[in-house]
Amino acid sequence: MERISIWVDGCCNKEGSGWAVICPSQKLILRGKFPGATNQQAELGAVIQAVNRFGSYLIIYTDSMYTIGCFRDWFENWQRNGWKNAKGKPVENQPLIKLGLQLGANKAIFQHVKGHSGDQYNEMADYYCKGGLLKDSGWTLIE
């Protein structure tokens, strides 16, 4: 079975916060609002939406090194350290990270994509993420 490739993005501006998930193989775009979220929380939320919808057998492309760190690089140390970071402080965004882990986000393969570098699906995720700020959550087919 082949992994599904997914592009995710989260965004935050004066109008609010939103997330987007692009799944080219299924020609599907998911997007939505994330009221009160920071940019990092919206990025985590996009991954949560992706694994909730498509499962954990994914390749997730994101421009957020923070998100990659949370689900690939840091979570095991945080768990061992009682959810404290390297400075001994509580890890930020624990509820979102823990939910992502419960859904299996750590089983996905994460790939970094440089933001605004011309990657077609990363640009699409950015566009629909911002659109998610203005519209209700929903889905769109890729034409």
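The values are calculated or read from the model by the stated rules, or taken from the named source; none is laboratory data. Everything numeric in this text was worked out from a predicted model, so none of it was measured. For neighbour counting, all protein chains shown are included, and Cβ atoms are generated from backbone atoms with ideal geometry for every residue, glycine included.
Structural remarks
- Lone unmet requirement of (1) outside any strand (DSSP E or B); (2) under 18 Å from Gly138 (Cα atoms) for Trp7: (1)
- Looking only at segment 62-91, and only at residues there that are small (Gly, Ala, Ser) and over 22 Å from Val8 (Cα atoms), the one that is modelled with the lowest pLDDT: Ala86
- Test: residue in segment 69-91 that is among the polar types (S, T, N, Q) and buried (at least 17 other Cβ atoms within 10 Å of the Cβ): no
- Against the numbered list (1) farther than 18 Å from Thr67 by Cα; (2) assigned to a helix (DSSP H, G or I), Tyr121 comes up short only at (1).
- Against the numbered list (1) within 17 Å of Gly138 (Cβ to Cβ); (2) assigned to a helix (DSSP H, G or I); (3) in contact with a Gly (Cβ under 7 Å, 6 or more places away or on another chain), Val47 comes up short only at (1).
- Meets criteria (touching a Leu at 6+ places or on another chain (Cβ under 6 Å) and within 14 Å of Tyr128 (Cβ to Cβ)) for Val51: no
- Remark: pairs (first residue in segment 25-44, crowded, with 23+ Cβ neighbours inside 10 Å; second residue among the acidic types (Asp, Glu) and modelled with pLDDT of 95 or more; Cβ separation under 8 Å; 6+ apart in sequence or on different chains) = Glu43/Asp9.
- Within segment 113-133, considering residues that are touching an Asp or Glu at 6+ places or on another chain (Cβ under 7 Å) and either farther than 20 Å from Leu44 by Cβ or modelled with pLDDT of 90 or more (or both), the one surrounded by the fewest Cβ atoms within 10 Å (Cβ to Cβ): Lys114
- Thr62 vs. criteria over 20 Å from Gly118 (Cα atoms) and either in contact with a helix residue (DSSP H, G or I) (Cβ under 7 Å, 6 or more places away or on another chain) or hydroxyl-bearing (Ser, Thr, Tyr) (or both): no
- In the set (1) outside any helix (DSSP H, G or I); (2) out of contact with any Phe, Trp or Tyr (no Cβ under 8 Å at 6 or more places or on another chain), the condition left unmet by Trp78 is number (1).
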